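The values are calculated or read from the model by the stated rules, or taken from the named source; none is laboratory data. As the structure is a computational prediction, the values presented were derived from the model and not from experiment. Cβ placement follows ideal geometry from the backbone for every residue including glycine, while neighbour counts extend to all protein chains displayed.
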Amino acid sequence: MPPPPRGRFAPSPTGPMHLGNAFVALLSWLWAKQQKGHWLLRIEDLDGQRCKAEYVELLMEDLRFLGLSWDETPLLQSQRLNLYAQALQRLQATGLCFTCHCSRKDMALGAPHAGENNPSCTGQCSPTPGKPPSLRWRCVSPEHIRFEDAVLGPQHLCPKIYPKDFVLCRNNQYSYQLAVVVDDAAQGITQVLRGADLVDSTFRQIQLQQALGLHTPAYAHVPCLEDSHGKRLAKRGGTLSIASLRARGMSGPQLIGLLAQLAALGDGRPTTPQALLPCFNLKKLQSLRPRIAMEEVAIEEEKSLAIETEPSGQWP
Ligand code: GLU
């Protein structure tokens with residue numbers, strides 16, 4: 001018998017968890033648990049300026065409130081810096097790392113067509129006094145990297161946006177791409193479900209996995225939850241935090257019912273993650289464009305929240 005699959009949820013504690021984060025958490029839990037697998041929690045707190053311990057507490061409280069319990073002790077990336085340093089050394093030994101002095105602004109100006117997700121070194125940078133260089137990974141033949149996404153189908157990079165390189169370490173901080181590859185391997189993760197905004201990152205992560213001789217997990221990228229204007233929910237918005245919905249009297253089963261409806265798994269009635277297991281199907285997420293409109297309601301008014309869901313539509 002093969003070992004049970006291992007999925008994970010890897011939030012960055014930069015603010016209170018919102019409905020979009022909970023949507024990903026629920027779906028990755030369902031994917032793992034439907035196959036009798038394990039579901040692990042990893043706190044991606046490498047950005048010491050933006051991540052806060054209070055948000056770690058809060059997100060664990062929110063997950064418990066939603067009935068999403070994790071297996072094993074959660075990992076905190078901030079406590080694993082020596083592992084990232086070791087991986088970086090191994091990557092440096094490949095000869096594909098280089099130091100770069102570009103600021104983010106230089107890079108954005110140097111490669112406007114590449115979009116803000118793929119800024120590359122201009123190749124003309126020179127040291128700035130007092131500023132440590134960043135270490136970047138040179139992408140070699142990214143067009144050969146392909147993967148089968150369990151939601152989106154076969155994926156390959158669009159030639160216009162091939163990243164030429166990406167950051168491994170900047171300002172003495174290991175990058176998300178490096179840490180996630182090290183930790184997915186260390187936690188024995190066999191399947192990664194996350195927002196479709198991270199598809200581009202997968203191509204970078206596969207390059208690092210190959211360079212480090214690590215296994216590539218199965219990937220499923222799910223549509224990101226949007227507001228009624230079609231804008232992706234972000235932590236900075238704040239109003240849709242699970243904590244605020246909790247404070248306004250919404251129960252865990254009500255929230256799960258709402259998220260299930262957005263995932264085309266139910267009619268919005270209160271439910272539990274366990275009850276959704278029999279009907280969970282990743283393929284249902286393929287053509288989904290989940291949108292949620294919430295009216296701001298003052299707590300004193302004690303009105304119920306006005307929630308509209310639009311569970312169907314075309315995902316580009
Ligand atoms: N830490 C990332 C986030 O909160 C998720 C990374 C991942 O799932 O690979 O957006």
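Results, tabulated for the structure shown:
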read-out	value
Candidates P11, P16, filtered to the one that is more than 12 Å from the chain's Cα centre (by Cα) and either surrounded by fewer than 23 Cβ atoms within 10 Å (Cβ to Cβ) or near the ligand (Cβ under 9 Å from one of its atoms) (or both)	P16
Of residues in region 44-63 being within 13 Å of the ligand (Cβ to nearest atom) and closer than 20 Å to R246 by Cα, the one surrounded by the fewest Cβ atoms within 10 Å (Cβ to Cβ)	V56
Any hit, region 169-192, residues being over 23 Å from R90 (Cα atoms), within 14 Å of the ligand (Cβ to nearest atom) and either touching a helix residue (DSSP H, G or I) at 6+ places or on another chain (Cβ under 8 Å) or part of a strand (DSSP E or B) (or both)	yes
In region 135-167, residue surrounded by the fewest Cβ atoms within 10 Å (Cβ to Cβ) [restricted to those that are over 17 Å from the mean Cα position of the chain (by Cα) and within 16 Å of the ligand (Cβ to nearest atom)]	Q155
Residue within region 271-288 that is at pLDDT 85 or above and over 24 Å from R194 (Cβ atoms) present	no
Residues satisfying the stated conditions in region 211-224, i.e. away from the ligand (no atom under 13 Å from the Cβ) and either surrounded by 21 or more Cβ atoms within 10 Å (Cβ to Cβ) or in contact (Cβ under 8 Å) with a residue 40 or more places away in the chain (or both)	A211, L212, T216, A218, P223
Listing of helices (runs of 4 or more DSSP H) fully contained in region 36-140 that carry 2 or more residues being modelled with pLDDT of 90 or more and out of contact with any Gly (no Cβ under 9 Å at 6 or more places or on another chain)	53-66, 81-92
